[in-house]
Amino acid sequence: MELENESQLELVKLSRSGRNIDAMIAMRLKYGLGLGDAKFITKHISRPKDHCADCENKLLEDGITNCPSCGGLNFNW
């Protein structure tokens, strides 16, 4: 499943403002994702942009990418 750019921005805005539950609810309602999938995506949204969601080191690429430091998955939108 690919999200349109506008949807990505909405989810990222919710997640980066500390509203992860709202982001998960939006994913479930708009895209019919299960709770596990919505939680997985929310957990891996980079916070802040260009920094790994796990180790917070600098990410080198935009989009869906792996951290060069820890190898963690990131949705760097």
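General remarks:
- Counted as membrane-span-like here are DSSP H helices of the chain whose alpha-carbon atoms extend 15 Å or more along the helix's own axis and whose Kyte-Doolittle mean is -0.5 or above; these are 20-31.
- Dipole moment magnitude, nearest 20 debye, the chain about Cα centre, only Lys, Arg, Asp, Glu C-beta charged: 320
- Of all lysines in the structure, the ones whose alpha carbon falls short of 24 Å from that of Lys58, not counting any fewer than 8 places away in one chain, are Lys13, Lys39, Lys43, Lys49.
- Going through (i) 21, 12, 11; (ii) 44, 13, 12; (iii) 23, 14, 10, the figure that equals semi-axes √(5λ) of the Cα gyration tensor in Å as computed for the structure here is (i).
- Between Gln8 and Ser69, the FRET efficiency estimated from the beta carbon spacing at R0 = 25 angstrom works out to 0.60.
- In plain terms, the chain from His51 to Leu35 could stretch by 3.3 nm, reckoned as 0.36 nm per residue minus the Cα-Cα distance.
- Note on the chain: helix-only mean residue ellipticity at 222 nm, from DSSP H runs of 4+ residues weighted -39500 (n - 2.57) and normalised by residue number, equals -13000 deg cm²/dmol.
No lab work stands behind these numbers, since they all come straight from the coordinates. These figures come from a predicted structure and were not determined experimentally. Please note: Cβ atoms are built from the backbone with ideal geometry, for glycine as well, and neighbour counts cover all protein chains shown.
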